[in-house]
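Every number here is computed from the coordinates shown, using simple stated rules; none is lab data. In this text, all values refer to a predicted model and were calculated from it rather than measured experimentally. No Cβ is skipped: glycine too gets one built from the backbone with ideal geometry, and neighbour counts run over all protein chains shown.
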Amino acid sequence: MVRKRRVVVAGASLANVRTARALRDRGFDGEVVLVGAERCLPYDRPPLSKQLLAGKVDPGDIQLLSREEAEALDLDLRLGCRASSLDPARRVLELDTGEPLRYDGLVIATGSAPRMPAGWDALAGVHVLRTADDALALRSALVGSPRVAVVGGGFVGCEVASTARGLGCDVTLIEPLVAPMARVLGDEIALDIAGMALDAGVRLCCGAAVERLEGSERVERVHLTDGSVVHADAVVVGIGARPVTDWLSGSGVRVTDGVVCDEHCATSAPDVYAAGDVARWRNPLFGRDMRIEHWTNASEQGAFVARTLLEGRQHGGYAPVPFAWSDQHGVKLQIAGVPDPSDRVRIVEGSVAERRFVAVYQREERLSGVLAVNSPRAMITYRRRFAQEGGFAEQADGRLAASPVA
């Protein structure tokens with residue numbers, strides 16, 4: 001075990017809590033300091049666009065860590081403050097309170113922040129969804145079944161549209177591509193899945209981007225580039241997120257759309273690692289750089305970094321099969337691997353009409369990704385084979401045979 005007296009984790013969400021727990025589980029008896037920008041205890045984010053937004057749970061129900069658990073783990077919680085700068089030569093993380101924190105090991109897990117086009121937030125009624133406070137504010141705005149325009153057809157946008165429609169709101173989902181989630185799933189499958197939203201009563205405006213928002217003091221209208229206008233009492237902006245790395249300016253830590261790491265999640269600074277949404281690392285299983293903004297990766301990467309901090313780089317690199325899920329209109333979507341819209345895709349189990357199917361994505365006769373719709377058992381099998389073998393070659397009869405990725 002590599003001897004360290006103090007490990008500081010910059011951030012206080014899933015990756016951070018998972019890192020702290022894993023450190024203790026592996027016998028680390030030094031100081032563990034968690035620095036979090038929000039004043040509340042760390043909480044789970046997937047329920048924000050679903051159960052919390054729908055009013056089915058309250059913030060206390062989605063905590064990842066209680067005060068009692070933090071005390072039992074002997075964690076030093078620094079909540080309500082942010083990392084403001086880093087000096088790797090002195091091994092000092094400075095907080096926005098002015099306090100310097102010395103460390104022997106540092107984990108950068110500051111997550112990501114929602115993108116907001118300039119000027120859009122000048123009008124009342126324009127929302128993003130990243131924090132519990134965001135979800136509660138939006139929940140209040142949905143009371144009374146208002147007209148809601150959701151800008152962006154990614155996972156968050158689709159889930160918000162689903163929840164708002166379930167609350168009886170008049171919902172319009174705006175997506176510049178041909179269908180929601182087309183950027184990940186490709187046009188054909190995305191169009192098939194779009195039928196689920198249409199059946200639920202969501203109005204889709206695809207193929208046009210937002211030109212501007214309009215209103216006196218509150219948002220009232222959304223003007224699109226094709227000349228159409230969407231009337232709205234509330235607008236939810238879900239056009240992606242940016243990694244929170246601005247505070248690393250001048251530190252010497254390499255940043256390119258995230259904190260750049262090697263296959264061990266180590267940054268360019270000694271004893272500094274990254275995990276979760278902010279980390280861009282080299283995945284040896286796929287031979288490519290990745291930055292993943294999903295729950296499973298944050299949990300697994302946090303545990304991996306804890307092990308590496310304590311044991312050094314004695315074991316293999318961090319090589320997960322990316323996995324994400326989304327619940328929309330009573331349908332569970334699960335995605336494994338790295339599907340690309342340019343891949344060849346075909347349905348191998350079930351059917352779109354039944355809203356239960358499995359689609360495989362193939363690139364150069366190798367499996368690149370799997371989409372399972374209401375088919376969790378099938379996904380378990382594909383994830384297991386993906387992790388063991390990396391990919392599959394297609395046989396002449398169309399079946400998938402084990403074959404490691406080159």
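Highest mean first, the peptides 140-150, 16-26 sorted by other C-beta atoms within 10 Å per residue fall in the order 16-26, 140-150. All C-alpha to C-alpha distances of the stretch 143-301, sorted into 10 Å bins beginning at zero, yield P(r) values of 10, 30, 26, 22, 11, 1 percent in whole numbers. Taking GluC sites (Glu not before Pro) across the stretch 31-114, none is in a DSSP loop with at most 11 further Cβ atoms lying within 10 angstrom of its Cβ. Legend: translational diffusion of the stretch 116-237 by Stokes-Einstein, Rh = Kirkwood radius over C-alpha pairs, 25 °C, 0.890 mPa s; D = 171 µm²/s. Among beta bridges from DSSP that stay inside the chain, the antiparallel ones total about 60%.
Each of SER85, SER251, SER228 was scored by other Cβ atoms within 10 Å of its Cβ. Listed from fewest to most, they are SER228, SER85, SER251. The residues neighbouring ILE189, those whose beta-carbon lies less than 11 Å from its own, together hold a net charge of -3 under the Lys/Arg +1, Asp/Glu -1 convention.
Within a Cβ distance under 11 Å of ARG115, other residues only, what is the Lys/Arg minus Asp/Glu net charge?
Neighbourhood net charge equals +2.
Each of VAL358, VAL107 was scored by other Cβ atoms within 10 Å of its Cβ. Listed from fewest to most, they are VAL358, VAL107.
Calculate, in nm to one decimal, what ASP199 and ALA113 gain on full extension: separation in residues at 0.36 nm each, minus their alpha carbon distance. Working shown, then result.
Numbers: separation 86, 0.36 × 86 = 30.96 nm, distance 3.18 nm.
Net length gain for the segment: 27.8 nm.
Inter-part distance, the stretch 201-250 to the stretch 92-120, computed on C-alpha centroids, equals 27 Å.
Quarter the surface of the alpha carbon convex hull of the chain and you get the mean projected area, 20.7 square nanometres. Taking other C-beta atoms within 10 Å as the exposure proxy, SER351, SER13 rank SER351, SER13 from fewest upward.
Under 15 Å of direct C-alpha separation, and excluding same-chain neighbours fewer than eight residues apart, LYS50 reaches these aspartates and glutamates: ASP58, ASP61, ASP133, ASP134, GLU159, ASP327.
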